[in-house]
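The values are calculated or read from the model by the stated rules, or taken from the named source; none is laboratory data. These numbers were taken from a predicted model, which means no experiment stands behind them. Note that we place each Cβ from the backbone using ideal geometry, even for glycine, and neighbour counts take in every protein chain shown.
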């Protein structure tokens, strides 16, 4: 792999404005009609509502955990023991969240909270879900991404009593059925939402708007989800308060930087500085002049896609937008070009335009497809254009512990806030809480913070216990 990287040309797209499209129903239909006929018989891809193993969708099968509960829908409850081991390993790397769990377990700050969540179903998120339960909350969970789901973790959660509805590579119909199963429950109504992408919020707004009468708050974790919330807010349709966890300082500085860099290199790609260090020639396309200047100052060449599309060996999108790479661009890429996405869902690469009779799809292995043109030219599409770092790679659990801890604190804050404290609107994660999350994570490094004297604190006009920076202070952004 190192030799391959030595001479590769890589194009990156960076974000500015975000546009989020609706779910591509047409893509699912076209894929089932066009892709299935070209996949080899041994392919594990699903071409109907069936699971990836070719069996009936789990929603049509009845499973029971050891306590006799049927309130879940997963791939296989027998994987629970394996999933429990993964969760226990994640707990060892998420010491900050576990410290918070132990500290607040006696107080039960979420007693009475009924949290409905739509996030990644992974080991680190399982630690968060079980922490919320230990702190008194009742939780029901679905997945925001069909590829990042760990079936064994879902099984462990179901065995532990968490109503979870998710299995890897759900069909689009199953995906929304799982979300609906979390909400459409007799005798149970949520009063908090934890979202990643805005899917749960949008579903409730569309199908069960009356539930917002009792919802005390929304905690949103992603760029696209925050964008959707602001769309609702600007049109006067936001039905309650929300905390923007995505733009918390600690997430911006650590999760977004380290998580992307480590997970994508694990699979074969990311970020510009890392690839440049491996002697790759990296091109950047950009719409924001400030970000473009930063890229130039860092030694990258800023170009338009059309100027380099025929030369690149790897094409990576990470804009959060839609229709960034179209069929007309893919017609021009060289044979063997790797095409993948680090941005929002499956909207950045126009994968639907590749579902045509003249192109042949060959499933190589999980998350890797070869798309062959009539003249024999082949491109390598990873994860069907969906999020690469969450579909094809593992995620560094310690880094995501930061995000999970901020989510837990945000839920505790909103649920326990006095009536009327949070009005309809979108709030930033308090800086004092950012600092508290940092303190919790510093413990694992055996770090020792210097304490201000009363005289020093007075001189700086700050509280000696924090926050240590004013709200207008801009931390150096090393994540771009």
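Overview of results
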quantity	calculated
Residue check for residue 369: touching a helix residue (DSSP H, G or I) at 6+ places or on another chain (Cβ under 8 Å), free of Cβ contacts under 8 Å to residues at least 24 places away in the same chain and either on the phi < 0 side of the Ramachandran plot or not in a loop (DSSP other than H, G, I, E, B) (or both)	yes
Test result for residue 336, over 25 Å from residue 224 (Cβ atoms) and either at pLDDT below 90 or outside any strand (DSSP E or B) (or both)	yes
Given (1) modelled with pLDDT under 85; (2) touching a helix residue (DSSP H, G or I) at 6+ places or on another chain (Cβ under 9 Å); (3) more than 24 Å from residue 143 (Cβ to Cβ); (4) surrounded by fewer than 18 Cβ atoms within 10 Å (Cβ to Cβ), number of the condition residue 237 does not satisfy	(1)
Any chance residue 116 is surrounded by fewer than 24 Cβ atoms within 10 Å (Cβ to Cβ), modelled with pLDDT of 95 or more and in contact with a strand residue (DSSP E or B) (Cβ under 8 Å, 6 or more places away or on another chain)	no
Restricting region 289-305 to residues that are in contact with a helix residue (DSSP H, G or I) (Cβ under 8 Å, 6 or more places away or on another chain) and in a helix (DSSP H, G or I), the residue that is surrounded by the fewest Cβ atoms within 10 Å (Cβ to Cβ)	305
Any pair with Cβ under 8 angstrom, 6 or more apart, that starts in region 281-299 at a residue that is closer than 15 Å to residue 320 by Cα and ends at one that is in a strand (DSSP E or B)	285/11; 285/12; 285/13; 285/302; 286/13; 286/302
Of all residues making up region 441-454, the number that are at pLDDT 90 or above and either assigned to a helix (DSSP H, G or I) or in contact with a helix residue (DSSP H, G or I) (Cβ under 6 Å, 6 or more places away or on another chain) (or both)	1
Selection from region 308-342 of residues that are surrounded by fewer than 17 Cβ atoms within 10 Å (Cβ to Cβ) and either under 15 Å from residue 353 (Cβ atoms) or free of Cβ contacts under 8 Å to residues at least 12 places away in the same chain (or both)	323, 326, 327, 328, 331, 332
Selection count where residues are touching a strand residue (DSSP E or B) at 6+ places or on another chain (Cβ under 7 Å) and not in a loop (DSSP other than H, G, I, E, B), scope region 205-237	9
Qualifying residue in region 191-200 (condition: more than 26 Å from residue 347 (Cα to Cα), surrounded by fewer than 24 Cβ atoms within 10 Å (Cβ to Cβ) and modelled with pLDDT of 95 or more)	yes
Residue within region 143-158 that is over 26 Å from residue 383 (Cα atoms), crowded, with 21+ Cβ neighbours inside 10 Å and touching a helix residue (DSSP H, G or I) at 6+ places or on another chain (Cβ under 9 Å) present	yes
Tabulated pairs, region 411-435, first free of Cβ contacts under 8 Å to residues at least 60 places away in the same chain, second in a loop (DSSP other than H, G, I, E, B), C-beta under 7 angstrom, 6+ apart or interchain	432/466; 432/467; 435/466; 435/467; 435/468
Selection count where residues are part of a loop (DSSP other than H, G, I, E, B) and in contact with a strand residue (DSSP E or B) (Cβ under 6 Å, 6 or more places away or on another chain), scope region 343-364	3
